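Working notes, beginning with the structure itself.
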Amino acid sequence: MRNFFEILIRLFCFCRNFGNAENPTESEIWLNEETKKPVGFICTWEDGWCDGWYNVDHTKEENYVPNKFFDLVVRQGASSSPATGPAYDRTLRTEEGHYLLLEASQKMFLSQAEIASPVFDVTAYEEYC
């Protein structure tokens, strides 16, 4: 079963059949030739965070509580919490590969994590998913 973030991250690319989306091993971004804005991407996390992606910073919020928020991390190998994550990534399918992980140890019930991505230009297509 594919994890949620793998599906989320690859969804737009598979809808449009960009590049080698069936078995990607390198991160790629496709731009609209006219607007030069992203229209699709594959992020393998092999080189860390992909261009334009980042954890949203909640520390400046008025009622900020540190253990209520947490960040996603680029991880390699098995997750540190038993039976909670993959033994390896889905790109390289080895322990040397990288993936994005929600490390929820030591967090409160209903804690949240949030990532942001570049803005995608879907107006280049009559139909998109």
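Quick notes on this one:
- Qualifying residue in segment 75-83 (condition: among the aliphatic types (A, V, I, L, M) and in contact with a Ser or Thr (Cβ under 9 Å, 6 or more places away or on another chain)): no
- Selection count, segment 23-51, where residues are more than 23 Å from residue 89 (Cβ to Cβ) and among the β-branched types (Val, Ile, Thr): 2
- Taking (1) in contact with a His (Cβ under 6 Å, 6 or more places away or on another chain); (2) closer than 30 Å to residue 37 by Cα; (3) without any contact (Cβ under 8 Å) to a residue 24 or more places away in the chain in turn, residue 74 satisfies each apart from (3).
- Picking from residues in segment 95-129 that are of a type in the set (Ser, Thr, Tyr) and at pLDDT below 85, the one that is surrounded by the fewest Cβ atoms within 10 Å (Cβ to Cβ) is 105.
- Scanning segment 65-72 turns up no residue that is among the basic types (Lys, Arg) and in a loop (DSSP other than H, G, I, E, B).
- Scanning segment 78-90 turns up no residue that is at pLDDT below 85, part of a helix (DSSP H, G or I) and not hydrophobic (A, V, I, L, M, F, W, C).
- Looking only at segment 41-63, residues that are surrounded by 11 or more Cβ atoms within 10 Å (Cβ to Cβ), of a type in the set (Asp, Glu) and out of contact with any Pro (no Cβ under 8 Å at 6 or more places or on another chain) come to 3 in all.
- Restricting segment 22-77 to residues that are hydroxyl-bearing (Ser, Thr, Tyr) and at pLDDT 85 or above leaves a set whose member that is farthest from the chain's Cα centre (by Cα) is 64.
- Segment 102-121, residues that are over 15 Å from the mean Cα position of the chain (by Cα), part of a loop (DSSP other than H, G, I, E, B) and among the polar types (S, T, N, Q): 105, 106, 111
The values are calculated or read from the model by the stated rules, or taken from the named source; none is laboratory data. Since we're looking at a predicted model, the values are computed, not measured. FYI the Cβ positions are ideal-geometry reconstructions off the backbone, even for glycines, and counts take in every protein chain you see.
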